[in-house]
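Participant: Below are the structure tokens for one structure; questions will follow.
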Amino acid sequence: KNQVEQSPQSLIILEGKNCTLQCNYTVSPFSNLRWYKQDTGRGPVSLTIMTFSENTKSNGRYTATLDADTKQSSLHITASQLSDSASYICVVQPLGNTPLVFGKGTRLSVIA
Amino acid sequence: ETGVTQTPRHLVMGMTNKKSLKCEQHLGHNAMYWYKQSAKKPLELMFVYNFKEQTENNSVPSRFSPECPNSSHLFLHLHTLQPEDSALYLCASSQRTGDVTEAFFGQGTRLTVV
């Protein structure tokens, strides 16, 4: 069964610190992996999309990595800001015309 | 703004009411989606429309009825809902289904069934 598992479920960090969120998936065949940021009460906003051949992709202070062999991805946030407080959702798209598979998300709280 | 607009943002309805959610996208996309997001659960795909044709109905109860009059507009008609249907309903669009392209989400409609 296609699944996406994220860890930790929630995380609290101090402003200015770095953090790393994890995503493991069992989706096969694999097309691409996406990270979304979702502020409370709002829709998800895309941060990165990575295909099979991409190992890392950055978007400002956000850096995503992908290991397609171990089926793992991580999202690293550098020098966190209060505005980074949100849920971060890992999403995997199977190959072909198949729906996206969503993780439950990691709830990140950045505190002063 | 993502280019996908949902209205209303909040909706409270009784179990005997009929209401509709609206989604509009100005991105020239051909695929539109309805998702349900409940607390502590992954997003659940409900319906997919590709070039105005429904291509996916993910075993959604008939009390939810989608309508896609054109590629830019998507509706979700609601009737005789249950309290467990309370959730955030998200609309999304993409260039087409199956592509490695961005999916853009609306802000969602927070639905409360009383």
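Participant: With respect to the numbered conditions (1) out of contact with any helix residue (DSSP H, G or I) (no Cβ under 8 Å at 6 or more places or on another chain); (2) more than 13 Å from chain B (Cβ to nearest Cβ); (3) in contact (Cβ under 8 Å) with a residue 60 or more places away in the chain, which one is the sole condition not fulfilled by A:L108?
Facilitator: Going through the list (1) out of contact with any helix residue (DSSP H, G or I) (no Cβ under 8 Å at 6 or more places or on another chain); (2) more than 13 Å from chain B (Cβ to nearest Cβ); (3) in contact (Cβ under 8 Å) with a residue 60 or more places away in the chain, A:L108 breaks only (1).
Participant: Being facing chain B (nearest Cβ under 10 Å) and of a type in the set (G, A, S) is the filter; apply it to the range A:8-59 and report the residue that is nearest to B:A92 (Cα to Cα).
Facilitator: A:G43
Participant: Which one of these is in contact (Cβ under 8 Å) with a residue 12 or more places away in the chain and either part of a strand (DSSP E or B) or not aliphatic (A, V, I, L, M) (or both): B:P66, B:P61?
Facilitator: B:P66
Participant: Sticking with this structure for a sec: Being within 9 Å of another protein chain (Cβ to nearest Cβ) and over 23 Å from A:S87 (Cβ atoms) narrows it down to one residue among B:E67, B:E56, B:E44, B:E102; which is it?
Facilitator: Result: B:E56 is the single residue among B:E67, B:E56, B:E44, B:E102 that is within 9 Å of another protein chain (Cβ to nearest Cβ) and over 23 Å from A:S87 (Cβ atoms).
Participant: Given the structure, is A:V92 within 14 Å of chain B (Cβ to nearest Cβ) and part of a strand (DSSP E or B)?
Facilitator: It is true that A:V92 is within 14 Å of chain B (Cβ to nearest Cβ) and part of a strand (DSSP E or B).
Participant: Within the range A:31-42, does at least one residue satisfy the condition of being farther than 28 Å from B:R110 by Cβ and either surrounded by fewer than 17 Cβ atoms within 10 Å (Cβ to Cβ) or out of contact with any strand residue (DSSP E or B) (no Cβ under 8 Å at 6 or more places or on another chain) (or both)?
Facilitator: No, there is no match, as no residue in the range A:31-42 is farther than 28 Å from B:R110 by Cβ and either surrounded by fewer than 17 Cβ atoms within 10 Å (Cβ to Cβ) or out of contact with any strand residue (DSSP E or B) (no Cβ under 8 Å at 6 or more places or on another chain) (or both).
Participant: Go through the range B:21-31 and give me each residue that's touching a Lys or Arg at 6+ places or on another chain (Cβ under 9 Å) and of a type in the set (A, V, I, L, M, F, W, C).
Facilitator: Residue satisfying the conditions is B:A31 alone.
Read-outs throughout are calculated quantities, based only on the coordinates presented, and are distinct from any laboratory measurement. On a predicted model such as this, the values are computed, not experimentally measured, just so you know. All Cβ positions, even for glycine, are placed from backbone atoms using ideal geometry, and neighbour counts span all protein chains on display.
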